[in-house]
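Below is one structure, written out as structure tokens; the observations come after it.
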Amino acid sequence: MSLTEKRINSKTVYDGKILTLTVDEVSLPDRNISVRECVRHSGGAAVLLVNDGKVLLVKQFRYLYGKEIYEIPAGKLNDGEDAAVGAARELEEETGYRAKLVHALDLYPSPGYTDEVIHIFFADKFEFVGQKLDAGEFLNCIFIPLDDVLKMIESGEICDAKTVAAVYKYISNK
């Protein structure tokens, strides 16, 4: 049996700078009709940079969680932007590092309601060229030993999905 759902119609509820919200009417595999509330997003890119056994993380306040969290450098892709180009841009803007990137994995952060894909890269052969934060962007960059990052994940201090996935993918490749 096919599990495919087919869109019958779609209504845009909100069209913003970062995302678009639609309410879609779909035909289910059993031919019944259902509604899907959809967050449309151009995607993101993130970079795991490891140097001498230390992981480069950014720490920033995340309004929706009401606290500072640790994450790998990442950001939104511009419409139609190549993921590797966006990852390199975000890495340089947030941390000041320019690096050779190798694709590691694609992550679906919440497939129940968004089409966002986060493209995760590993960084290799890098140099510091200077941080260029966007207006209104505030963060601290810190290198943390990989063993400590793993402990932070296990203790729940690091909960960011892209960071957890990137770190575990990295150690599985070692």
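Applying the Karplus relation 6.51 cos²θ - 1.76 cosθ + 1.60 with θ = phi - 60° to region 80-85 yields 3J(HN,Hα) values of x, 6, 4, 4, 5, 5 Hz, where x marks Gly and Pro. Over region 10-61, what relative contact order in percent results from Cα pairs under 8 Å that are six or more residues apart? So the answer I get is 24 percent.
Averaging the sequence gap over all C-alpha pairs within less than 8 Å and six or more residues apart, then dividing by the number of residues, gives the chain a relative contact order of 22 percent.
With N counted as the residues of the chain, its alpha-carbon radius of gyration over 2.2 N^0.38 Å works out to 1.17.
With respect to the cross-link table entries 6/76; 17/174; 11/132; 6/162; 17/132, which display a Cα-Cα separation exceeding 31 Å? With Cα atoms farther than 31 Å apart: 17/174; 11/132. Working from Cα pairs under 8 Å separated by at least six residues, relative contact order for region 78-174 is 26 percent. Using Cα atoms only, what is the angle between the long axis of helix 146-155 and the major principal axis of the chain, expressed in degrees (0 to 90) to the nearest 10? In the chain, helix 146-155 runs at an angle near 40 degrees to the longest axis. Helices in the chain, meaning DSSP H runs of at least 4 residues, each add -39500 (n - 2.57). Divided by all residues, the mean residue ellipticity at 222 nm is -6500 deg cm²/dmol. Exposed loop positions in the chain were taken to be chymotrypsin sites (Phe, Trp or Tyr not before Pro) whose DSSP state is not H, G, I, E or B and which have at most 13 other beta-carbon atoms within 10 angstrom. Between these positions, the longest stretch is 1-62.
Extension gain, residue 146-residue 37: 0.36 nm per intervening residue step, less the Cα-Cα distance, totals 35.4 nm. Each label was represented as a point 7 Å from its Cα along the Cα-to-Cβ direction; for residue 115 and residue 68 these points are 3.8 nm apart.
Quick note: the coordinates plus some simple rules give every number you see, no bench work behind them. If you're wondering where the values come from, they're calculated on a predicted model, not measured in any experiment. Every residue, glycine among them, receives a Cβ derived from its backbone with ideal geometry; neighbour counts consider all protein chains shown.
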